[in-house]
Amino acid sequence: MFRCKAINDMLNEEFLSNWGYLTVVPRKNEEEAVLECITDDEEPDLHWTRIDETPIAKNRTIRKGQGSLVFPSVSEQDTGVYNCTAVSKKSRDPISTQMIEFTMMTPPRVQLSMSVSKRPVPLNTNVSNGETVRITCATWGTPAPSISWYKNGILHVETGRHKFTNKNSTKTFNSEDLFIGIIMSTDTGLYQCVTRNRAGVASDAFILNIPMVANLPLPPVNVSAVAIDHESVNVSWMPSPDNVSGYIINFITDKQVQELQSLTNQTFASVNKLLPGHTSIFYIRSFLISDGSKKGLFSEASNYITIKLKEEDKIRMPVVTLYPKSPTKLYANWTLVECKTKCPIMQQNIQWKRKRKHYHLEEFLQPNVTEYTINNLQPNKSYKVRVLLATSAGYPEHMIRLPWYTVRMPRSSSDLPRDNVFLIVHLSTCSQRPTEVLVNWTLDASLQKDLANYHVLYNTSTSVWQKELPTTETSLTLTDLVPRTCYGVKVRATYSTGRNSTESYLKTICTLPQPPHILSQHSNTNRIKVNKLRTKVLNTTSMRITWKHTPRKIQVDFYTIRVENVESDPNSQTETPEDKRSEVKGTHLEAAGRGPRSPQPTKYEDSRDTDHEVKLYRVTNRKMTVTSLKQDHNYKVTVTASTTTLTGHSATTYVTPDEGVPTAPLNVTWVPASPKDAVLTWSPPRLINGRLVHYLVKFSHDQQEWRNQTVPPDSTTTQIQDLVSNTNYTVLIAGRTGKGVGASTTVYIYIRATLEPELHRNTESVAVISVVSFLVIVTCVVAVLLCLRILRLRNNSPSVFQDDGTSEDMGPLRDGLNHHRMLDILDDIDDVDDGSKRLLQTVSTTQAVFFKNMK
């Protein structure tokens with residue numbers, strides 16, 4: 001049981017907290033591990049070996065079941081790669097081999113160290129004002145533990161002068177530095193480094209103490225900032241009351257992690273190259289360098305000034321050119337145009353829809369893409385296409401008003417245009433050279449001025465090749481092709497001015513069959529090929545490689561897999577193949593099936609170059625899983641088939657283990673800000689799976705026409721504007737990484753036209769209404785009583801009319817009304833009643849006719 005005691009020396013009092021219980025679960029000294037090996041044979045003979053040729057101790061392992069290897073108690077000496085080989089009992093030859101990597105998890109160990117102004121010091125050292133501090137957290141464990149920083153028990157993130165540097169990680173080690181620049185008193189606190197892995201948690205902490213100095217200069221006052229344009233701010237302040245040497249301008253934007261500084265001896269400065277459309281925070285510190293002192297004295301921070309810069313000029317949307325490739329495929333090409341201030345393009349969005357439809361489909365593209373092929377369209381239908389560009393300020397606000405480009409898809413393949421009018425290509429073959437194709441092309445004269453070079457691309461159903469030619473060449477002979485094989489050929493013209501390339505339509509031509517007297521130039525070596533090579537990224541550190549071998553008449557004994565970590569972009573690399581063909585740009589292949597087993601066991605080799613890492617594997621089956629890759633690194637995968645005497649040509653492809661997409665945001669809520677605006681708030685996704693680029697907020701009232709809104713990754717709230725009151729809206733919120741948009745969270749919004757007033761106003765309104773209602777009821781009751789009283793008085797005082805127009809107890813009637821005149825008026829009233837009766841009878845007789853006509 002633990003509890004905390006707080007002591008106040010000034011009041012001479014003590015305070016005790018409640019008791020807390022801590023229970024420590026003892027760790028098991030012995031943990032069992034099982035390596036399983038399964039085969040399809042009914043009576044297998046399984047043999048276990050280690051790849052480092054270290055013998056497996058029989059007294060430490062047990063065999064169970066079909067051939068599982070069991071470790072009753074695991075130790076670090078058991079770590080390694082194990083091979084399970086299935087041997088046929090009849091021929092005693094190896095049938096197949098399975099490789100298993102066995103690693104023992106160990107809980108983390110952590111160690112903290114500190115250096116002040118690049119000098120190592122103990123952790124309990126007091127740090128002087130204005131110095132820089134670097135706290136190093138080193139941790140060991142299997143797998144490598146993760147590192148988290150805490151200040152005063154709260155998760156510490158990179159803000160301003162606090163940043164994480166010198167990150168280093170291996171399979172069993174991880175380290176990270178917390179750098180704090182130009183220390184001041186607010187940096188005092190308890191700093192803790194917490195490390196975690198699947199085996200446990202470890203932490204270390206210390207208190208960073210910064211004593212106050214009596215003679216520190218005072219900070220400047222009345223700091224103000226005025227924006228000049230979208231990326232410049234003028235900052236001014238009143239000088240410090242003390243005699244100081246100068247001032248430090250500290251500023252940081254909401255999109256940057258590192259805080260920047262600028263020195264000046266004036267009371268004003270201009271800060272440039274800020275991020276347009278974002279918020280910047282400024283504060284000033286005074287410094288004093290006395291004579292003969294090597295260290296300066298720095299003041300505390302002045303008041304903080306926050307200013308939001310104007311958004312940069314909106315970029316103009318590109319002009320899109322559309323070419324139907326088939327009745328269901330549409331090729332789109334466009335030119336990127338920068339805005340006046342050279343604002344960078346952050347993302348692109350291509351949208352397409354059927355004509356006269358109010359909903360569209362879309363695809364997000366990288367900033368440098370200038371072409372896209374839309375698939376699965378309907379023949380003989382009209383479609384609209386447009387491309388939207390986003391800068392750091394986001395997409396255009398009024399995307400509905402931006403224009404669309406219309407095209408009608410052809411009815412069938414015969415209706416396609418035969419060629420590009422600017423780049424015309426002709427293909428031909430000759431019976432004397434059945435394995436050659438002659439390619440001729442003509443480029444329009446208006447496009448030859450800025451021409452840089454030509455690219456001739458040709459491919460089969462499995463491979464793609466490319467050749468680069470100078471501008472003086474307008475023909476090319478493709479040689480050493482396979483007889484009776486169809487090739488797709490197209491020509492691309494590129495320009496030196498950065499303009500989009502001109503590309504011809506894809507044309508197909510088939511080589512001729514070889515006559516019987518012409519011997520094939522392909523030897524047995526050329527026939528040993530790896531075909532249909534395919535790589536699939538499993539996660540950020542592993543991938544699966546599959547391939548096929550054709551033809552099957554030649555028995556392959558083993559395959560060699562070479563995995564090379566290349567530094568440059570694979571799309572810009574060219575490799576010279578051994579069969580004298582042009583540079584292989586890539587291989588786009590289908591999934592390979594399982595082939596025949598080879599009687600050779602699996603072998604493994606690993607070598608490292610000075611510039612990049614190369615791993616070699618030798619296997620007998622046609623699939624393999626490669627692990628321990630580096631995220632966002634480009635890898636070149638080469639597979640070569642070999643027999644006991646010959647080695648064939650290899651197939652090459654490139655792969656990049658990249659990050660994944662995030663999970664859905666959590667705790668999404670909304671509140672109305674006005675009858676037309678709503679404020680959304682959410683929590684970050686549970687798993688980011690990479691670096692979060694931004695949040696994507698999509699909302700629609702009919703789930704067909706969607707409006708998009710992007711939110712910075714460090715923000716978890718936004719405001720949706722220009723909504724329609726009394727309308728149901730569907731809102732989707734999702735995170736986006738470099739891999740794409742992740743899972744979304746759905747929330748529904750309904751804002752009334754009149755928001756409910758505050759509670760006290762409701763109380764006052766109810767009170768007023770109650771008083772008015774009571775007064776109206778009282779008035780009505782009084783009026784009814786008066787009417788009843790008047791009627792009673794009239795009934796109790798009857799009058800007898802006489803011939804002279806007078807009555808008893810009454811004077812003559814008003815207006816000279818006498819008894820006979822009164823009788824005449826009553827007769828007229830009876831006549832009027834008779835006419836009303838006749839009118840009602842007439843209406844009743846015509847009512848049936850009226851309803852009949854209406855029917």
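The values are calculated or read from the model by the stated rules, or taken from the named source; none is laboratory data. Quick caveat: nothing in here was measured; it's all calculated off a predicted structure. Positions of Cβ are generated from backbone atoms using ideal geometry, with glycine treated the same way; all protein chains shown enter the neighbour counts. Surface areas here come from the heavy atoms of the whole protein model, side chains and all, with no ligands, DNA or RNA. Shrake-Rupley method; radii C 1.70, N 1.55, O 1.52, S 1.80 Å.
Data table
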quantity: Failed condition for Ile38, given (1) modelled with pLDDT under 85; (2) open to solvent by 60 Å² or more (accessible area, probe 1.4 Å); (3) not in a loop (DSSP other than H, G, I, E, B); calculated: (3)
quantity: Residues that are in contact with a strand residue (DSSP E or B) (Cβ under 8 Å, 6 or more places away or on another chain) and not in a strand (DSSP E or B), drawn from region 723-749; calculated: Leu723, Asn726, Thr727, Gly740
quantity: Qualifying positions in region 422-457 - aliphatic (A, V, I, L, M), more than 30 Å from Leu512 (Cβ to Cβ) and in a strand (DSSP E or B); calculated: Leu451, Ala452
quantity: Total residues in region 678-705, condition in contact with a Leu (Cβ under 7 Å, 6 or more places away or on another chain) and in contact (Cβ under 8 Å) with a residue 60 or more places away in the chain; calculated: 2
quantity: Unique residue being open to solvent by 50 Å² or more (accessible area, probe 1.4 Å), farther than 23 Å from Arg622 by Cβ, at pLDDT below 80 and within 44 Å of the chain's Cα centre (by Cα) when the list is Thr540, Thr471, Thr550, Thr508; calculated: Thr508
quantity: Residue list for region 734-757, filter: at pLDDT 85 or above, farther than 24 Å from Phe364 by Cβ and open to solvent by 60 Å² or more (accessible area, probe 1.4 Å); calculated: Tyr748, Tyr750
quantity: Subset tally (residues that are modelled with pLDDT of 65 or more and open to solvent by 60 Å² or more (accessible area, probe 1.4 Å)) for region 515-535; calculated: 3
quantity: Qualifying residue in region 5-12 (condition: touching a Ser or Thr at 6+ places or on another chain (Cβ under 9 Å) and small (Gly, Ala, Ser)); calculated: yes
quantity: Residues (in a strand (DSSP E or B) and either more than 17 Å from Ile100 (Cβ to Cβ) or within 26 Å of the chain's Cα centre (by Cα) (or both)) located in region 619-642; calculated: Asn634, Tyr635, Lys636, Val637, Thr638, Val639, Thr640, Ala641, Ser642
quantity: Residues of region 229-251 satisfying the condition of being at pLDDT 80 or above and under 14 Å from Ile307 (Cα atoms); calculated: Ser232, Val233, Asn234, Val235, Ser236, Asn250, Phe251
quantity: Condition met for Leu481 (open to solvent by less than 30 Å² (accessible area, probe 1.4 Å), modelled with pLDDT of 80 or more and not in a strand (DSSP E or B)); calculated: yes
quantity: Of all residues in region 694-733 being over 26 Å from Pro276 (Cβ atoms) and surrounded by 18 or more Cβ atoms within 10 Å (Cβ to Cβ), the one that is nearest to the chain's Cα centre (by Cα); calculated: Leu732
quantity: Residue within region 337-345 that is modelled with pLDDT of 75 or more and part of a loop (DSSP other than H, G, I, E, B) present; calculated: yes
quantity: Boolean, Ser128 is closer than 30 Å to Ile289 by Cβ and open to solvent by 50 Å² or more (accessible area, probe 1.4 Å); calculated: yes
quantity: So Ser236, is it touching a Pro at 6+ places or on another chain (Cβ under 9 Å) and either in a strand (DSSP E or B) or of a type in the set (Ser, Thr, Tyr) (or both); calculated: no
